[in-house]
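S.K.: Have a look at this one.
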Amino acid sequence: MTTRPDTGFPSALAPAATPGVRSVAAADAAQTMDVIFIEGFTGQTVIGIHDSELHRPQTIVVDLHAGLPRAKACDTDQIADTIDYGVVRERLQLLYREHKLTLLESFAETIADMLIVDFGAAWVRVKVVKPKKFDDVAAVGVVIERTATHLPEAPRAANVLRVIGAGMVPGER
């Protein structure tokens, strides 16, 4: 076993065991983070609070980082032992199509909840951007960070799963 430098990412316990989600043992939480990421996921969706935003899709760009305490996949070379970014990508596509949110903050929170609750991430950073929203600004957006200890309340989690779940279970095909 090799010693890895501290990445500076926060450590936290994952949620209680959920079918199809990798569980994280307490001993794992003290180890350094392995970070799975998607950068520049771009799609069209209707989101916003201004009348001009509510009637036609606009470009939204998402960057996400999901930390796992020393992913078991490093040793097993098995996708079931980590977060499958292909499945995360599919879930993002579904979210872009089906959400009914108005704020980027809520959109980012939905993604963070998905990564923690459904994929077993211990820590996440989600950036959601509206590029070229204004003529004199390159981009506007929000960046949030969450840990597994910051789990949503049960009714909210159920709503998140209903909106973005649609039968897509991590690790199953």
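S.K.: Among the numbered conditions (1) at pLDDT below 85; (2) open to solvent by less than 70 Å² (accessible area, probe 1.4 Å); (3) within 18 Å of the chain's Cα centre (by Cα), tell me where LEU13 comes up short.
M.R.: Failing condition for LEU13: (2).
S.K.: Can you list residue pairs whose Cβ atoms sit under 8 Å apart, with the first residue in segment 128-141 being small (Gly, Ala, Ser) and the second being open to solvent by 50 Å² or more (accessible area, probe 1.4 Å) and assigned to a loop (DSSP other than H, G, I, E, B)? Count only pairs 6 or more apart in sequence or on different chains.
M.R.: Pairs found: ALA138/LYS132; ALA139/LYS132; ALA139/LYS133.
S.K.: While we're looking at this one, here's another question. Please work out if ASP63 is at pLDDT 95 or above and of a type in the set (Asp, Glu).
M.R.: Taking the combined requirement at face value, the residue satisfies it.
The values are calculated or read from the model by the stated rules, or taken from the named source; none is laboratory data. Predicted model, so just to flag it, every value in this text is computed and none were measured. Using ideal geometry, Cβ is built from the backbone for each residue, glycine included, and neighbour counts are taken over all protein chains shown. Quick note on the areas: whole protein, heavy atoms, side chains included, nothing else; ligands and nucleic acids left out. Shrake-Rupley method; radii C 1.70, N 1.55, O 1.52, S 1.80 Å.
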